[in-house]
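Chemist: Handing you this structure, nothing more for now.
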Amino acid sequence: MKYAHDIIRRPIISEKSMDGIPAKKYTFEVSKDANKIEIKNAIETVFKGVKVKSVNTVNVTGKMKRVGVHTGRRPSYKKAIVTLTEDSKTIEFFESMA
């Protein structure tokens with residue numbers, strides 16, 4: 001059984017993700033094996049009073065990085081863009097950022 005806090009790893013705070021807040025679009029890093037239905041249920045469980053309209057997911061591959069002669073790769077992750085319904089509450093964590 002997956003817990004909601006195991007599915008949602010962390011919020012993604014970037015310039016592009018902050019532009020989606022007025023349209024009630026929030027971006028999270030999620031577990032790689034989570035599907036859209038599990039992500040929707042986890043968001044509604046963690047943030048009370050929130051109704052999810054849609055979930056879009058993106059698999060982000062890690063970038064190649066180099067320090068001197070040593071090369072490596074940043075880890076890959078899965079990103080979820082969650083859109084809330086019009087009558088839904090907002091997520092207060094993101095409201096304090098804007």
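Chemist: Mind counting the residues in segment 45-63 that are surrounded by 12 or more Cβ atoms within 10 Å (Cβ to Cβ) and among the charged types (D, E, K, R)?
Modeler: So the answer is 2.
Chemist: So which residues in segment 6-50 are more than 11 Å from LYS78 (Cα to Cα), among the small types (Gly, Ala, Ser) and in contact with a strand residue (DSSP E or B) (Cβ under 8 Å, 6 or more places away or on another chain), if there are any at all?
Modeler: SER14, SER17, GLY20, ALA23, ALA42
Chemist: Tell me, which strands (runs of 3 or more DSSP E) wholly within segment 55-98 include 1 or more residues that are within 24 Å of PRO22 (Cα to Cα)?
Modeler: 77-84
Residues checked against (1) within 13 Å of the chain's Cα centre (by Cα); (2) farther than 17 Å from THR90 by Cβ:
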site: ILE43; (1), (2): yes, no
site: ASN56; (1), (2): yes, yes
site: HIS70; (1), (2): no, yes
site: TYR77; (1), (2): yes, yes
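Chemist: What single numbered condition from (1) part of a helix (DSSP H, G or I); (2) in contact (Cβ under 8 Å) with a residue 60 or more places away in the chain fails to hold for ILE43?
Modeler: Answer for ILE43: the failing condition is (2).
Chemist: Do you know which of the residues in segment 18-35 that are in a helix (DSSP H, G or I) and free of Cβ contacts under 8 Å to residues at least 40 places away in the same chain is farthest from GLU95 (Cα to Cα)?
Modeler: ASP19
Chemist: Report yes if ILE13 is open to solvent by less than 60 Å² (accessible area, probe 1.4 Å) and either not small (Gly, Ala, Ser) or not in a loop (DSSP other than H, G, I, E, B) (or both), otherwise no.
Modeler: No; evaluated as a whole, the condition is false for this residue.
Chemist: Here is a follow-up. State which residue is nearest to GLY49 (Cα to Cα) when the search covers only segment 64-87 and only residues that are surrounded by 10 or more Cβ atoms within 10 Å (Cβ to Cβ) and among the basic types (Lys, Arg).
Modeler: Of everything passing the filter in segment 64-87, LYS79 is nearest to GLY49 (Cα to Cα).
The values are calculated or read from the model by the stated rules, or taken from the named source; none is laboratory data. As the structure is a computational prediction, the values presented were derived from the model and not from experiment. Note: ideal-geometry Cβ built from the backbone for every residue, glycine included; neighbour counts use all protein chains shown. For the accessible areas, the whole protein counts, side chains as well, though only heavy atoms, and no ligand, DNA or RNA atoms are used. Shrake-Rupley method; radii C 1.70, N 1.55, O 1.52, S 1.80 Å.
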